[in-house]
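Below is one structure, written out as C-alpha coordinates, with a few remarks after it.
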Amino acid sequence: MKHFLVLLLCLLPVAHAAGGGYATPADFGYPPLSLEPPQYLSPATEREWHISGQPALRATLLGIRGRWGNEATIILRTPSGRDRAVPAYALSNADLDAVSDWLKKNNFEEFETFREGTSLVHVHSVIPVGKEYHVNLIMTDGSRIALRTNAEPANREFAIKQPPNAFQVTDATLEMLRRHSQRKPENKPELPIASSIDEATLYAATHDVGIAHFLLNRRGGAIDLAFRHYLANKPELVARWAQHFVFLIAYSDEQGMYPAECHDGDLTLALTHGFQGTHPVELCNTSSLHNKLRLAWLTNTSYLGFTVYLHNRLSGNPYQRKINTVKHGGNVSVDSMLRLRDNQFNLFGH
(Lines give C-alpha, C1' and ligand atoms only; values in the text may rest on other atoms or scores of the structure.)
Protein backbone atom coordinates (compact mmCIF):
# COMPACT_ATOMS: atom_id res chain seq x y z
CA MET A 1 0.00 0.00 0.00
CA LYS A 2 2.87 2.34 0.83
CA HIS A 3 4.32 1.93 -2.68
CA PHE A 4 1.04 2.89 -4.29
CA LEU A 5 0.68 6.04 -2.13
CA VAL A 6 4.18 7.16 -3.12
CA LEU A 7 3.45 6.34 -6.74
CA LEU A 8 0.22 8.33 -6.87
CA LEU A 9 1.89 11.37 -5.30
CA CYS A 10 4.80 11.33 -7.77
CA LEU A 11 3.01 10.65 -11.03
CA LEU A 12 1.43 13.21 -13.30
CA PRO A 13 -2.24 12.58 -14.01
CA VAL A 14 -2.76 9.79 -16.51
CA ALA A 15 -5.43 10.20 -19.16
CA HIS A 16 -8.14 7.58 -18.97
CA ALA A 17 -9.83 6.22 -22.06
CA ALA A 18 -12.54 3.61 -22.32
CA GLY A 19 -11.18 2.05 -25.49
CA GLY A 20 -8.05 0.02 -25.82
CA GLY A 21 -5.41 0.21 -28.50
CA TYR A 22 -1.87 1.42 -29.01
CA ALA A 23 -0.42 4.27 -26.97
CA THR A 24 0.89 7.41 -28.65
CA PRO A 25 4.04 9.36 -27.67
CA ALA A 26 1.75 12.11 -26.33
CA ASP A 27 0.28 9.62 -23.81
CA PHE A 28 3.71 9.61 -22.14
CA GLY A 29 4.47 13.29 -22.65
CA TYR A 30 6.86 12.72 -25.58
CA PRO A 31 6.97 14.53 -28.95
CA PRO A 32 5.85 12.73 -32.13
CA LEU A 33 8.10 9.91 -33.32
CA SER A 34 10.65 10.96 -35.93
CA LEU A 35 11.03 8.54 -38.83
CA GLU A 36 14.13 10.25 -40.24
CA PRO A 37 17.18 7.95 -40.30
CA PRO A 38 19.51 8.67 -37.36
CA GLN A 39 22.77 10.54 -37.81
CA TYR A 40 25.36 8.77 -35.69
CA LEU A 41 28.22 10.94 -36.94
CA SER A 42 28.51 14.70 -37.40
CA PRO A 43 28.78 15.44 -41.13
CA ALA A 44 31.90 17.03 -42.55
CA THR A 45 31.81 20.35 -44.40
CA GLU A 46 32.46 20.64 -48.12
CA ARG A 47 35.99 21.76 -48.90
CA GLU A 48 38.66 21.69 -51.62
CA TRP A 49 40.77 18.52 -51.71
CA HIS A 50 44.21 18.25 -53.31
CA ILE A 51 44.87 14.76 -54.70
CA SER A 52 48.34 14.00 -55.98
CA GLY A 53 48.52 14.28 -59.78
CA GLN A 54 44.92 15.50 -60.16
CA PRO A 55 43.12 18.85 -60.31
CA ALA A 56 41.74 20.26 -57.05
CA LEU A 57 38.37 18.71 -56.16
CA ARG A 58 35.52 20.14 -54.10
CA ALA A 59 33.90 17.39 -52.07
CA THR A 60 32.60 16.33 -48.67
CA LEU A 61 34.22 13.63 -46.55
CA LEU A 62 31.84 10.67 -46.07
CA GLY A 63 34.05 8.25 -44.20
CA ILE A 64 37.15 6.09 -44.14
CA ARG A 65 37.66 2.46 -45.10
CA GLY A 66 40.43 0.50 -43.49
CA ARG A 67 42.65 1.41 -40.56
CA TRP A 68 43.49 5.10 -40.43
CA GLY A 69 46.91 5.72 -41.92
CA ASN A 70 48.61 5.68 -45.31
CA GLU A 71 46.81 2.49 -46.32
CA ALA A 72 43.34 3.88 -45.58
CA THR A 73 40.86 4.81 -48.31
CA ILE A 74 39.08 8.16 -48.00
CA ILE A 75 35.52 8.33 -49.36
CA LEU A 76 34.55 11.73 -50.78
CA ARG A 77 31.29 12.93 -52.33
CA THR A 78 31.24 15.67 -54.93
CA PRO A 79 28.48 18.34 -55.14
CA SER A 80 26.93 16.37 -58.03
CA GLY A 81 26.54 13.31 -55.76
CA ARG A 82 29.37 11.24 -57.19
CA ASP A 83 31.47 9.26 -54.69
CA ARG A 84 35.24 9.08 -55.02
CA ALA A 85 37.55 6.63 -53.22
CA VAL A 86 40.98 8.18 -52.69
CA PRO A 87 43.99 6.54 -50.99
CA ALA A 88 45.15 8.51 -47.96
CA TYR A 89 48.75 8.64 -49.22
CA ALA A 90 47.59 10.67 -52.25
CA LEU A 91 46.18 13.51 -50.14
CA SER A 92 47.92 16.70 -49.07
CA ASN A 93 48.89 17.39 -45.46
CA ALA A 94 46.00 19.86 -45.17
CA ASP A 95 43.61 17.19 -46.40
CA LEU A 96 44.90 14.68 -43.86
CA ASP A 97 44.51 17.29 -41.11
CA ALA A 98 40.89 17.78 -42.18
CA VAL A 99 40.27 14.04 -41.88
CA SER A 100 41.92 13.97 -38.44
CA ASP A 101 39.74 16.89 -37.31
CA TRP A 102 36.62 15.03 -38.45
CA LEU A 103 37.68 11.95 -36.47
CA LYS A 104 38.21 14.05 -33.34
CA LYS A 105 34.91 15.86 -33.83
CA ASN A 106 33.11 12.50 -33.85
CA ASN A 107 34.95 11.17 -30.80
CA PHE A 108 36.58 8.24 -32.55
CA GLU A 109 38.72 6.17 -30.20
CA GLU A 110 41.09 3.25 -30.58
CA PHE A 111 39.43 -0.12 -30.09
CA GLU A 112 42.31 -2.50 -29.44
CA THR A 113 41.88 -6.28 -29.36
CA PHE A 114 44.36 -9.08 -28.78
CA ARG A 115 43.39 -11.00 -31.92
CA GLU A 116 41.69 -8.72 -34.46
CA GLY A 117 44.03 -5.73 -34.22
CA THR A 118 43.10 -2.09 -33.59
CA SER A 119 40.39 0.04 -35.22
CA LEU A 120 39.10 3.55 -34.78
CA VAL A 121 35.48 3.46 -33.54
CA HIS A 122 32.76 5.73 -32.23
CA VAL A 123 31.18 3.98 -29.24
CA HIS A 124 27.40 4.04 -29.63
CA SER A 125 26.48 2.02 -26.53
CA VAL A 126 27.94 -0.42 -24.01
CA ILE A 127 25.70 -2.85 -22.11
CA PRO A 128 27.21 -4.77 -19.15
CA VAL A 129 25.96 -8.38 -19.25
CA GLY A 130 27.53 -10.62 -16.63
CA LYS A 131 31.18 -11.14 -17.51
CA GLU A 132 30.76 -9.50 -20.93
CA TYR A 133 30.12 -6.15 -22.52
CA HIS A 134 27.67 -6.06 -25.42
CA VAL A 135 28.92 -3.18 -27.54
CA ASN A 136 27.51 -1.22 -30.48
CA LEU A 137 30.15 0.61 -32.51
CA ILE A 138 30.01 3.09 -35.38
CA MET A 139 32.93 2.50 -37.74
CA THR A 140 34.79 5.16 -39.72
CA ASP A 141 32.81 4.26 -42.86
CA GLY A 142 29.54 4.96 -41.01
CA SER A 143 28.50 1.32 -40.60
CA ARG A 144 27.24 0.05 -37.26
CA ILE A 145 28.28 -3.28 -35.77
CA ALA A 146 27.36 -5.21 -32.62
CA LEU A 147 29.84 -7.39 -30.80
CA ARG A 148 30.68 -8.96 -27.44
CA THR A 149 33.81 -8.31 -25.42
CA ASN A 150 35.24 -9.36 -22.12
CA ALA A 151 34.30 -7.22 -19.10
CA GLU A 152 37.29 -8.37 -17.06
CA PRO A 153 41.03 -8.20 -17.88
CA ALA A 154 42.28 -10.88 -20.30
CA ASN A 155 45.57 -11.84 -21.98
CA ARG A 156 46.65 -12.78 -25.49
CA GLU A 157 46.92 -16.53 -24.78
CA PHE A 158 43.36 -16.66 -23.48
CA ALA A 159 42.03 -14.47 -26.32
CA ILE A 160 43.35 -16.73 -29.08
CA LYS A 161 41.34 -19.67 -27.71
CA GLN A 162 38.00 -17.83 -27.71
CA PRO A 163 35.30 -18.28 -30.42
CA PRO A 164 35.43 -15.79 -33.32
CA ASN A 165 32.32 -13.88 -32.19
CA ALA A 166 33.82 -13.06 -28.77
CA PHE A 167 36.31 -10.20 -28.87
CA GLN A 168 38.98 -10.01 -26.18
CA VAL A 169 40.05 -6.40 -25.69
CA THR A 170 43.12 -4.97 -24.00
CA ASP A 171 43.08 -3.21 -20.64
CA ALA A 172 43.07 0.23 -22.29
CA THR A 173 39.98 -0.62 -24.37
CA LEU A 174 38.35 -2.24 -21.36
CA GLU A 175 38.70 0.99 -19.42
CA MET A 176 37.21 2.90 -22.37
CA LEU A 177 34.19 0.58 -22.48
CA ARG A 178 33.77 0.77 -18.73
CA ARG A 179 33.68 4.55 -18.95
CA HIS A 180 31.05 4.50 -21.68
CA SER A 181 28.90 1.97 -19.77
CA GLN A 182 28.66 4.44 -16.89
CA ARG A 183 27.64 7.47 -18.95
CA LYS A 184 24.66 9.43 -17.66
CA PRO A 185 22.09 10.88 -20.09
CA GLU A 186 22.57 14.61 -20.59
CA ASN A 187 18.85 15.30 -20.96
CA LYS A 188 15.70 13.55 -19.88
CA PRO A 189 15.52 10.49 -22.16
CA GLU A 190 12.42 9.73 -24.21
CA LEU A 191 11.20 6.34 -25.34
CA PRO A 192 10.49 6.07 -29.07
CA ILE A 193 6.82 5.03 -29.03
CA ALA A 194 5.06 4.02 -32.24
CA SER A 195 1.32 4.53 -32.62
CA SER A 196 0.81 1.65 -35.07
CA ILE A 197 2.44 -1.55 -36.26
CA ASP A 198 3.40 0.10 -39.57
CA GLU A 199 5.08 3.00 -37.80
CA ALA A 200 6.98 0.64 -35.49
CA THR A 201 8.18 -1.46 -38.43
CA LEU A 202 9.32 1.59 -40.41
CA TYR A 203 11.14 3.09 -37.41
CA ALA A 204 12.87 -0.22 -36.66
CA ALA A 205 14.05 -0.49 -40.27
CA THR A 206 15.36 3.09 -40.57
CA HIS A 207 17.03 3.09 -37.13
CA ASP A 208 18.28 -0.51 -37.04
CA VAL A 209 16.59 -1.26 -33.71
CA GLY A 210 14.33 -3.94 -32.27
CA ILE A 211 10.61 -3.68 -31.51
CA ALA A 212 9.46 -4.02 -27.88
CA HIS A 213 5.76 -4.92 -27.69
CA PHE A 214 4.34 -4.15 -24.21
CA LEU A 215 0.92 -5.05 -22.77
CA LEU A 216 -0.09 -2.54 -20.06
CA ASN A 217 -3.67 -3.66 -19.43
CA ARG A 218 -6.04 -0.75 -18.69
CA ARG A 219 -5.03 2.89 -19.02
CA GLY A 220 -4.45 4.32 -15.56
CA GLY A 221 -4.51 0.85 -13.98
CA ALA A 222 -1.93 -0.64 -11.63
CA ILE A 223 0.38 -1.91 -14.38
CA ASP A 224 0.24 1.34 -16.34
CA LEU A 225 0.98 3.48 -13.26
CA ALA A 226 3.80 1.22 -12.08
CA PHE A 227 5.44 1.27 -15.54
CA ARG A 228 5.29 5.08 -15.69
CA HIS A 229 6.78 5.23 -12.20
CA TYR A 230 9.59 2.96 -13.36
CA LEU A 231 10.33 5.14 -16.40
CA ALA A 232 10.39 8.30 -14.28
CA ASN A 233 12.96 6.81 -11.89
CA LYS A 234 15.23 4.95 -14.33
CA PRO A 235 16.56 7.58 -16.78
CA GLU A 236 19.79 5.63 -17.49
CA LEU A 237 17.82 2.50 -18.40
CA VAL A 238 15.33 4.48 -20.49
CA ALA A 239 18.22 6.07 -22.39
CA ARG A 240 19.66 2.62 -23.12
CA TRP A 241 16.29 1.27 -24.28
CA ALA A 242 15.81 4.30 -26.53
CA GLN A 243 19.08 3.49 -28.34
CA HIS A 244 18.02 -0.07 -29.16
CA PHE A 245 14.22 -0.34 -29.40
CA VAL A 246 11.04 1.26 -30.62
CA PHE A 247 8.10 0.58 -28.30
CA LEU A 248 4.64 -0.59 -29.30
CA ILE A 249 2.51 -0.25 -26.15
CA ALA A 250 -0.94 -1.87 -26.11
CA TYR A 251 -3.85 -1.08 -23.76
CA SER A 252 -6.95 -3.15 -23.12
CA ASP A 253 -10.42 -1.63 -22.94
CA GLU A 254 -12.32 -1.17 -19.70
CA GLN A 255 -13.61 -4.75 -19.94
CA GLY A 256 -10.02 -6.01 -19.96
CA MET A 257 -10.01 -7.03 -23.63
CA TYR A 258 -7.22 -6.10 -26.06
CA PRO A 259 -8.72 -4.97 -29.39
CA ALA A 260 -8.19 -6.82 -32.63
CA GLU A 261 -5.55 -4.32 -33.87
CA CYS A 262 -3.27 -5.29 -30.97
CA HIS A 263 -3.61 -9.00 -31.68
CA ASP A 264 -3.11 -8.39 -35.39
CA GLY A 265 -0.02 -6.31 -34.64
CA ASP A 266 1.47 -9.06 -32.49
CA LEU A 267 0.72 -11.62 -35.17
CA THR A 268 2.24 -9.40 -37.89
CA LEU A 269 5.42 -8.95 -35.88
CA ALA A 270 5.74 -12.66 -35.26
CA LEU A 271 5.24 -13.61 -38.91
CA THR A 272 7.48 -10.80 -40.17
CA HIS A 273 10.29 -12.06 -37.98
CA GLY A 274 9.83 -15.66 -39.03
CA PHE A 275 7.88 -16.99 -36.04
CA GLN A 276 4.49 -18.68 -35.89
CA GLY A 277 2.88 -16.19 -33.56
CA THR A 278 1.37 -16.21 -30.10
CA HIS A 279 -1.58 -18.47 -31.05
CA PRO A 280 -0.32 -20.77 -33.83
CA VAL A 281 -3.32 -23.13 -33.65
CA GLU A 282 -5.86 -20.48 -34.64
CA LEU A 283 -3.97 -18.19 -36.98
CA CYS A 284 -6.52 -18.55 -39.79
CA ASN A 285 -9.46 -17.22 -37.71
CA THR A 286 -10.07 -13.57 -38.64
CA SER A 287 -13.09 -12.83 -36.43
CA SER A 288 -12.43 -9.57 -34.56
CA LEU A 289 -14.63 -10.65 -31.65
CA HIS A 290 -12.84 -13.99 -31.44
CA ASN A 291 -9.45 -12.22 -31.49
CA LYS A 292 -10.54 -10.04 -28.59
CA LEU A 293 -11.69 -13.03 -26.59
CA ARG A 294 -8.53 -14.99 -27.34
CA LEU A 295 -6.49 -12.16 -25.85
CA ALA A 296 -8.52 -12.06 -22.66
CA TRP A 297 -6.10 -14.47 -20.96
CA LEU A 298 -3.35 -11.88 -21.37
CA THR A 299 -5.28 -9.44 -19.17
CA ASN A 300 -4.34 -9.30 -15.50
CA THR A 301 -3.66 -6.72 -12.80
CA SER A 302 -0.31 -8.01 -11.51
CA TYR A 303 2.07 -8.46 -14.45
CA LEU A 304 3.25 -6.49 -17.46
CA GLY A 305 3.84 -8.81 -20.40
CA PHE A 306 6.32 -7.99 -23.17
CA THR A 307 7.75 -9.49 -26.36
CA VAL A 308 10.90 -8.25 -28.09
CA TYR A 309 11.56 -8.74 -31.81
CA LEU A 310 15.01 -8.31 -33.36
CA HIS A 311 15.31 -8.79 -37.12
CA ASN A 312 18.56 -9.14 -39.08
CA ARG A 313 20.64 -8.43 -36.00
CA LEU A 314 24.37 -8.29 -36.79
CA SER A 315 26.74 -9.70 -34.21
CA GLY A 316 30.24 -11.04 -33.87
CA ASN A 317 33.48 -10.45 -35.70
CA PRO A 318 33.05 -7.84 -38.51
CA TYR A 319 34.67 -10.33 -40.91
CA GLN A 320 32.52 -13.26 -39.76
CA ARG A 321 29.28 -11.49 -38.90
CA LYS A 322 26.22 -13.60 -38.35
CA ILE A 323 22.71 -12.40 -39.19
CA ASN A 324 20.00 -13.81 -36.99
CA THR A 325 16.41 -13.17 -35.95
CA VAL A 326 15.42 -13.18 -32.31
CA LYS A 327 12.14 -13.22 -30.42
CA HIS A 328 11.89 -13.39 -26.66
CA GLY A 329 9.61 -12.11 -23.92
CA GLY A 330 8.79 -12.06 -20.25
CA ASN A 331 6.61 -10.75 -17.46
CA VAL A 332 7.35 -8.10 -14.84
CA SER A 333 5.30 -7.72 -11.67
CA VAL A 334 3.84 -4.46 -10.45
CA ASP A 335 5.73 -4.87 -7.19
CA SER A 336 9.08 -5.24 -9.02
CA MET A 337 8.45 -2.06 -10.99
CA LEU A 338 7.51 -0.14 -7.85
CA ARG A 339 10.65 -1.38 -6.11
CA LEU A 340 12.66 -0.18 -9.15
CA ARG A 341 14.58 -3.39 -9.58
CA ASP A 342 17.16 -3.16 -12.38
CA ASN A 343 17.18 -6.73 -13.66
CA GLN A 344 13.45 -7.25 -14.22
CA PHE A 345 13.25 -6.15 -17.87
CA ASN A 346 15.39 -8.52 -19.90
CA LEU A 347 14.79 -6.73 -23.20
CA PHE A 348 18.19 -7.57 -24.62
CA GLY A 349 17.62 -11.31 -24.21
CA HIS A 350 20.99 -11.99 -22.61
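The values are calculated or read from the model by the stated rules, or taken from the named source; none is laboratory data. All values derive from a computational prediction rather than experimental measurement. Cβ: placed from backbone, ideal geometry, glycine included. Neighbour counts: every protein chain shown. Just so you know, the surface numbers come from the protein's heavy atoms only, side chains and all, with ligands and any DNA or RNA stripped out. Shrake-Rupley method; radii C 1.70, N 1.55, O 1.52, S 1.80 Å.
For the reader, a short list of remarks on this structure follows.
- Only Lys, Arg, Asp and Glu carry charge here, each on its Cβ (+1 for the first two, -1 for the last two); on that basis segment 148-281 has a dipole of about 640 debye about its Cα centre.
- Peptides 212-222, 230-240, 38-48 ordered by average Cβ neighbours within 10 Å, highest first: 212-222, 230-240, 38-48
- Magnitude of the charge dipole, segment 143-225, Cβ model with Lys/Arg +1 and Asp/Glu -1, debye to 20: 200 debye
- Heavy-atom accessible area for Glu254, with the other protein chains in place and a 1.4 Å probe, reaches approximately 90 Å².
- Prolate/oblate/rounded label for segment 134-219 (Cα gyration tensor, a/c 1.5): prolate
- Straightening the chain between Asp198 and Glu132 buys 20.3 nm, computed as 0.36 nm per residue apart minus the Cα-Cα spacing.
- Centroid-to-centroid separation of segment 225-279 and segment 65-97 [C-alpha atoms, Å]: 44 Å
- Solvent accessible area, Å² - Met257, 1.4 Å probe, full protein context: 50 Å²
- Accessible-area rank, largest first, for Glu186, Glu199, Glu152: Glu186, Glu152, Glu199, with all protein chains present and a 1.4 angstrom probe.
- Approximate spin-label separation Asn233-Ala90, in nm, with each point projected 7 Å along Cα-to-Cβ: 6.1 nm
- Surface composition of segment 36-124: carbon plus sulfur atoms hold 45% of the accessible area, using a 1.4 angstrom probe and ignoring ligands, DNA and RNA.
- Candidate residues Asp342, Asp27: accessible-area rank, largest first, probe 1.4 Å: Asp342, Asp27
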